[in-house]
Amino acid sequence: MTMPILHHYDLSPFSEKIRLAMGLKDLDWGSVKVEAVPPRPALNALTGGYRRVPVLQIGADIFCDTAVIFDVLERLRPEPTLYPQGAGLAKGLSLWWDRATWIPAIGVLVDHIGEHLPQAFLDDRREHYLGIDISKPAMAPMLAAHVQQMTAMADWLDSMLGQGHDFLTGDRVSAADLTCHHSLWLLRANAGAEVIDAQLRLSPRVTGWMGRVAALGHGRPTPITPDEALAAARDARPDPALLPTGDDPSGLTIGDLVSVTPDDNARVPVTGRLAGADAQEIVLAVAGETGDLHVHFPRAGFQALPARDQGRDAA
Ligand SMILES: N[C@@H](CCC(=O)N[C@@H](CS)C(=O)NCC(=O)O)C(=O)O
């Protein structure tokens with residue numbers, strides 16, 4: 001198996017989900033650390049313009065968004081599974097948690113550490129990612145509401161764990177655990193566990209579960225440079241075995257010029273020729289500076305539409 005390469009940075013909570021999945025599956029992986037604030041030229045050359053983190057690379061196949069990263073890790077190493085109750089429950093809970101908790105978590109975070117965030121970070125997140133000012137003064141009026149929202153949703157985790165199992169959906173860890181762990185992990189890592197546990201009223205059941213999730217570890221990362229990652233893409237061809245295999249209900253045809261854009265934030269379209277699709281995943285063939293790439297996206301949370309402007313190079 002070609003070693004998967006994760007493009008990520010330490011304090012990225014979405015990356016932490018994937019690092020934990022590497023731990024669950026006991027994988028060897030290449031670790032490319034990217035800057036928390038772009039430019040990220042190597043990563044940009046691989047994604048066709050998708051700008052969020054993490055991104056997983058397998059040769060010339062590029063996986064954008066944690067949902068398709070979970071899926072490809074599951075295909076590479078099916079056991080232990082990320083989906084012990086099937087993919088739907090874990091992915092549905094994950095999308096809910098990511099979408100519902102992200103802004104409240106940022107609100108709580110900046111109350112604790114906002115004064116240390118560089119202006120360049122704040123400007124970048126306002127202009128190119130979230131579209132809002134996340135500086136401490138700008139978020140302060142909403143702090144009480146953000147704390148209430150996080151507290152309410154963490155209490156739902158407590159209720160799930162109250163069913164008597166070690167993990168949210170049963171006795172085996174799932175992708176939902178890795179996801180619901182990530183924003184609480186971010187807050188505790190930055191503000192201190194005791195502070196966050198008290199502020200969000202995290203129960204011993206929830207903190208005990210967080211310990212079990214963290215104990216999965218991160219597998220075996222090997223540091224590699226962005227140039228080495230580019231070389232891995234240059235030396236590879238997109239792998240047809242990694243194309244989705246189900247039916248595509250959308251009416252798009254292989255070879256169509258298609259744009260894929262996140263529907264929440266960092267709405268940068270990636271345009272390429274449709275290489276494969278099913279109801280869960282869409283893959284674009286993009287001609288990058290390293291040669292032909294297949295760039296993979298989930299369907300849920302993204303808009304995949306025929307491209308009307310043909311401004312970008314496409315394979
Ligand atoms: N839905 C995406 C969300 C990824 C995301 O928002 N990641 C954050 C970092 S944790 C990000 O990209 N922030 C802006 C940046 O780093 O450019 C996923 O699941 O991968």
Stretched fully, the stretch from L11 through A191 gains (0.36 nm per residue minus C-alpha distance, one decimal, in nm) 63.5 nm
Amide H within-cut-off set for S203, under 5 Å, with H built and near neighbours excluded: none
Prolate/oblate/rounded label for segment 53-157 (Cα gyration tensor, a/c 1.5): oblate
By accessible area with a 1.4 Å probe, ligands and nucleic acids excluded, highest first: order of M160, M150: M160, M150
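At 1.4 Å probe size, with the rest of the protein present, what percent of the exposed accessible area of the chain is carbon and sulfur atoms?
The value for the chain is 53 percent carbon and sulfur by accessible area.
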How charged is the neighbourhood of R220? Take every other residue with its Cβ under 10 Å from the Cβ of R220, and add Lys/Arg as +1 and Asp/Glu as -1. -2
On average, how much accessible surface per residue is there in segment 135-194, in Å², for a 1.4 Å probe, leaving out ligands, DNA and RNA? 42
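The values are calculated or read from the model by the stated rules, or taken from the named source; none is laboratory data. Every value quoted in this text rests on a predicted model; they were computed, and no experiment measured them. Backbone-built Cβ (ideal geometry, glycine too); neighbour counts: all protein chains shown. SASA here: full protein model, heavy atoms, side chains in, ligands and nucleic acids out. Shrake-Rupley method; radii C 1.70, N 1.55, O 1.52, S 1.80 Å.
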